[in-house]
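K.L.:
Have a look at the structure that comes next, please.
The values are calculated or read from the model by the stated rules, or taken from the named source; none is laboratory data. A quick note: this is a predicted structure, and the numbers were derived from the prediction, not measured. We place every Cβ from the backbone using ideal geometry, glycine too, and count neighbours over all the protein chains shown.
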Amino acid sequence: MPAMSPARVTSLYIHVPFCAQKCAYCAFYSEPSGGEPVNRYVAALVRELEMVAGDLKPHTIFFGGGTPSLLNLRQWEQILLALDRLHLSGAGEFTVECNPATVSSDKAKLLRDFGVNRISMGVQSLDEALLDRLGRIHTRKMVFKSFDILRRAGFDNLNLDLMFAIPGQTLEIWRATLAEALALDSEHLSSYEVIYEDDTPLFAQLQAGEIGVDEDLACSMYEELVERATSAGFRQYEVANFARAVGAQSTVSSPQSAPGGEPTVGCGLTTRDIPAFACKHNVNYWRGGSFYGLGPSATSYVRGVRTKNWSNTQLYCEQLEKGKRAVESREELPPLKRAGETAAFGLRMVAGWPFEEFQRTTSFDLRREWAAEMGQLTARGWAARDENHFQLTSRGLRFADAAAELFLR
Ligand SMILES: C[S@@+](CC[C@H](N)C(=O)[O-])C[C@H]1O[C@@H](n2cnc3c(N)ncnc32)[C@H](O)[C@@H]1O
Ligand code: SF4
């Protein structure tokens, strides 16, 4: 009997490694944009797409960065036509990250015409002085203008990224930003506490004692975020992610029925677990699904093997021009390590882990392998457990990183 070929991977991430200027807090891999290197990157990316297309059937596509919206119309057209030619278009959810300074009507229309149906806009703050301090290239006015352009182009699934606990940000400033962002009425909101990443100007300022961290203030800001976003009709489904529950839903896989009769929305989760406008692409990461990551610095995780591309655009292009993949490292994860990571990621979601789903995904039983850790978190009030589930409480979600770390093996 011929061997059955494995199911194709349904999730595709593409890293666009260019920014107009580096923000003070950011450690994502990117280089100053412009000219020939961008064209060379686009050609190399198309080659990389050709190499993996046969193993892909994308239900979700996510262009992140860097600043994907920096690519010009011609460069976008080249990439989108390649996706069409390689039968990779038609994803139920197709997201592009945009910086508010680089959105135009022409670009928005082109993306929409080629099937992009979700835009994630990096706003960070609506306070002019903080935007400046963070090294953002846009003003608050550009945020409102770009949001309007995207709506006019027909985007009905928009995300806004905000940051809190920014040095110099008071609770009043945070409240004002939140109120204005919520008034925009986006379908999705992501809000992260500032992380002091190594080798960033913000980290250097912290090291030099020029700025300090106020943990109590950060906690109050997080509480404010959860309360205000919820009152505005969002449902929190992950530590930093909120989505609207109603509207035209773009399903990742066709709805089926869970054992309880609740319709499922992919990854074994039901519509009760994740709201209609949740980012399906990220949900796949948090549930331990496979994905291809293309472009410099991108990581792939396919059937238990993690690979990482070179974080160097020139080297990335050289490799692909020679007809080789631009992989810097490859790691085959032992099953228990893989299951531990999956447990840790999944706990970031409000739904936590139904024991049976975890077992289906990883072949390990949380109740046997991680009984002590679950007991520890439950005793601390950070988690709740019943016969079928384990999930973090709202207090536990605030410290999700520390809680999740306990599950790593
Ligand atoms: C890779 S960025 C892409 C967005 C786009 N490049 C922009 O900045 O407009 C994705 C999001 O990660 C968040 N982020 C990046 N670095 C962070 C940090 N050090 N701490 C907290 N959030 C961060 C920001 O909210 C940012 O919008
Ligand atoms: S936050 Fe966005 S725009 Fe700023 S440096 Fe990072 S990737 Fe580039």
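K.L.:
Closer than 30 Å to residue 115 by Cβ, part of a helix (DSSP H, G or I), within 16 Å of ligand 1 (Cβ to nearest atom) and not aromatic (Phe, Trp, Tyr): is that true of residue 181 in this structure? So that I can check it myself, show each step before the final result.
P.N.:
Working: closer than 30 Å to residue 115 by Cβ: yes; part of a helix (DSSP H, G or I): yes; within 16 Å of ligand 1 (Cβ to nearest atom): yes; not aromatic (Phe, Trp, Tyr): yes.
Answer is yes for this residue.
K.L.:
Further question on the same structure: Going through segment 121-170 one residue at a time, which ones are away from ligand 1 (no atom under 14 Å from the Cβ), touching a residue at least 40 places away in the same chain (Cβ under 8 Å) and outside any loop (DSSP other than H, G, I, E, B)?
P.N.:
144, 145, 149, 152 - these are the residues of segment 121-170 that are away from ligand 1 (no atom under 14 Å from the Cβ), touching a residue at least 40 places away in the same chain (Cβ under 8 Å) and outside any loop (DSSP other than H, G, I, E, B).
Listed here are the residues, each with its yes/no results for (1) within 22 Å of the chain's Cα centre (by Cα); (2) part of a helix (DSSP H, G or I); (3) at pLDDT 95 or above; (4) under 30 Å from residue 142 (Cβ atoms).
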{"residue": "51", "(1), (2), (3), (4)": "no, yes, yes, no"}
{"residue": "59", "(1), (2), (3), (4)": "yes, no, yes, no"}
{"residue": "62", "(1), (2), (3), (4)": "yes, no, yes, yes"}
{"residue": "75", "(1), (2), (3), (4)": "no, yes, yes, yes"}
{"residue": "79", "(1), (2), (3), (4)": "yes, yes, yes, yes"}
{"residue": "83", "(1), (2), (3), (4)": "yes, yes, yes, yes"}
{"residue": "94", "(1), (2), (3), (4)": "yes, no, yes, yes"}
{"residue": "101", "(1), (2), (3), (4)": "yes, yes, yes, yes"}
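K.L.:
Still on this structure, I have one more. Which members of segment 1-49 meet the condition of being within 16 Å of ligand 2 (Cβ to nearest atom), outside any strand (DSSP E or B), in contact with a Gly (Cβ under 8 Å, 6 or more places away or on another chain) and aliphatic (A, V, I, L, M)?
P.N.:
The one that is within 16 Å of ligand 2 (Cβ to nearest atom), outside any strand (DSSP E or B), in contact with a Gly (Cβ under 8 Å, 6 or more places away or on another chain) and aliphatic (A, V, I, L, M): 24.
K.L.:
Assess whether residue 328 counts as being out of contact with any Cys (no Cβ under 9 Å at 6 or more places or on another chain), free of Cβ contacts under 8 Å to residues at least 12 places away in the same chain and under 21 Å from residue 30 (Cα atoms).
P.N.:
On the way: out of contact with any Cys (no Cβ under 9 Å at 6 or more places or on another chain): yes; free of Cβ contacts under 8 Å to residues at least 12 places away in the same chain: no; under 21 Å from residue 30 (Cα atoms): yes.
Here the answer is no, as residue 328 does not meet what is asked.
K.L.:
While we're here: Collect the residues in segment 91-120 that are farther than 19 Å from residue 62 by Cα and either more than 14 Å from ligand 1 (Cβ to nearest atom) or without any contact (Cβ under 8 Å) to a residue 60 or more places away in the chain (or both), keeping them in residue-number order. It would help to see each step written out before you state the result.
P.N.:
Step one: of segment 91-120, the residues farther than 19 Å from residue 62 by Cα are 101, 104-106.
104, 105, 106, listed by residue number.
Every residue, every condition in (1) among the hydroxyl-bearing types (Ser, Thr, Tyr); (2) crowded, with 21+ Cβ neighbours inside 10 Å; (3) within 29 Å of residue 223 (Cα to Cα); (4) touching an Asp or Glu at 6+ places or on another chain (Cβ under 7 Å), yes or no:
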site	(1), (2), (3), (4)
337	no, no, no, no
340	no, yes, yes, no
349	no, yes, yes, yes
364	no, no, no, no
373	no, no, yes, no
377	no, yes, yes, no
386	no, no, yes, no
390	no, yes, yes, no
396	no, yes, yes, no
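K.L.:
Here's another thing I want to ask about it. Applying the selection to segment 178-198, what residues are free of Cβ contacts under 8 Å to residues at least 24 places away in the same chain and either more than 10 Å from residue 158 (Cβ to Cβ) or in contact with a strand residue (DSSP E or B) (Cβ under 8 Å, 6 or more places away or on another chain) (or both)? Even if it seems obvious, please write down each step before you answer.
P.N.:
Start the filter on segment 178-198 by keeping residues that are free of Cβ contacts under 8 Å to residues at least 24 places away in the same chain, which leaves 183, 185.
If the condition is that a residue be free of Cβ contacts under 8 Å to residues at least 24 places away in the same chain and either more than 10 Å from residue 158 (Cβ to Cβ) or in contact with a strand residue (DSSP E or B) (Cβ under 8 Å, 6 or more places away or on another chain) (or both), then 183 is the only one that fits.
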